[in-house]
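Here the structure comes first, spelled out in structure tokens, and everything after it is commentary.
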């Protein structure tokens with residue numbers, strides 16, 4: 001038999017097998033997974049003001065794993081729900097919650113003064129620090145965490161449209177993963193436990 005006639009089916013088979021292996025690899029190990037060796041460029045330097053009225057930078061969060069959430073005090077549903085869930089999740093962690101920090105950064109500095117942030121956060125876990133600042137300072141923090149926000153006019157004034165992601169960061173300030181209020185309770189808490197364990 002002509003060897004060339006055997007070579008063609010062999011090449012077709014091996015090419016198909018290679019495509020199958022590569023596809024399976026992409027499905028099992030997506031490039032954006034937390035197991036990736038490369039650093040995800042989320043997080044970084046910021047200079048804001050805490051709800052206690054004191055200067056607060058990313059350095060204040062270093063040394064322990066932390067959670068960052070952007071929102072605003074006049075948010076009707078997503079923000080209070082997320083902060084309530086985070087409060088419950090931290091309570092469920094027990095003593096491990098002492099190894100975790102959390103920051104709530106406003107996207108509405110026009111209204112969210114340190115005093116208002118302090119009053120608002122009094123309904124949630126006391127370990128959650130509220131952060132505000134100038135328009136420029138908030139914009140810089142938002143860029144560092146790659147979040148979207150914008151002012152939306154309403155009949156009575158305005159509201160804020162914004163990303164509703166919880167950023168999970170390790171003790172060195174490196175991106176670890178994300179969570180959000182739509183996830184099941186068990187999923188959120190498992191992520192926080194892993195963050196505390198590995199952070």
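Remark: residue 105 falls outside the filter, which requires a residue to be in a loop (DSSP other than H, G, I, E, B), in contact with a strand residue (DSSP E or B) (Cβ under 7 Å, 6 or more places away or on another chain) and at pLDDT 95 or above. When every residue of the range 37-53 is checked against the conditions, at least one turns out to be closer than 27 Å to residue 197 by Cα and modelled with pLDDT under 50. Of the candidates 111, 150, the single residue that is touching a strand residue (DSSP E or B) at 6+ places or on another chain (Cβ under 7 Å) and more than 19 Å from residue 178 (Cβ to Cβ) is 150. Residues in the range 166-186 that are closer than 16 Å to residue 80 by Cβ and at pLDDT 95 or above: 1 in all. Taking the range 81-94 as the range and being touching a helix residue (DSSP H, G or I) at 6+ places or on another chain (Cβ under 9 Å) and closer than 21 Å to residue 107 by Cα as the test, the residues that pass are 83, 85, 86. Take residue 183 and tell me if it is free of Cβ contacts under 8 Å to residues at least 12 places away in the same chain and surrounded by 15 or more Cβ atoms within 10 Å (Cβ to Cβ). Judged against the criteria, residue 183 is a match.
Note on the range 58-99: residues that are loosely packed, with under 14 Cβ neighbours inside 10 Å and not in a helix (DSSP H, G or I) amount to 3. The set of residues in the range 146-170 that are surrounded by 19 or more Cβ atoms within 10 Å (Cβ to Cβ) and either free of Cβ contacts under 8 Å to residues at least 12 places away in the same chain or closer than 18 Å to residue 195 by Cα (or both) comprises 165, 166, 167, 168, 169. Can you tell me which of (1) under 24 Å from residue 187 (Cα atoms); (2) surrounded by 19 or more Cβ atoms within 10 Å (Cβ to Cβ) is the one residue 117 doesn't meet? Among (1) under 24 Å from residue 187 (Cα atoms); (2) surrounded by 19 or more Cβ atoms within 10 Å (Cβ to Cβ), residue 117 violates only (1). In this structure, does residue 179 turn out to be under 24 Å from residue 88 (Cα atoms) and touching a helix residue (DSSP H, G or I) at 6+ places or on another chain (Cβ under 8 Å)? Spelling it out, residue 179 is indeed under 24 Å from residue 88 (Cα atoms) and touching a helix residue (DSSP H, G or I) at 6+ places or on another chain (Cβ under 8 Å). Applying the set (1) farther than 20 Å from residue 55 by Cβ; (2) more than 14 Å from the chain's Cα centre (by Cα); (3) at pLDDT 95 or above; (4) buried (at least 18 other Cβ atoms within 10 Å of the Cβ) to residue 131 leaves exactly one unmet item: (1).
The values are calculated or read from the model by the stated rules, or taken from the named source; none is laboratory data. Not measured: the values here are computed from a predicted model. Note: ideal-geometry Cβ built from the backbone for every residue, glycine included; neighbour counts use all protein chains shown.
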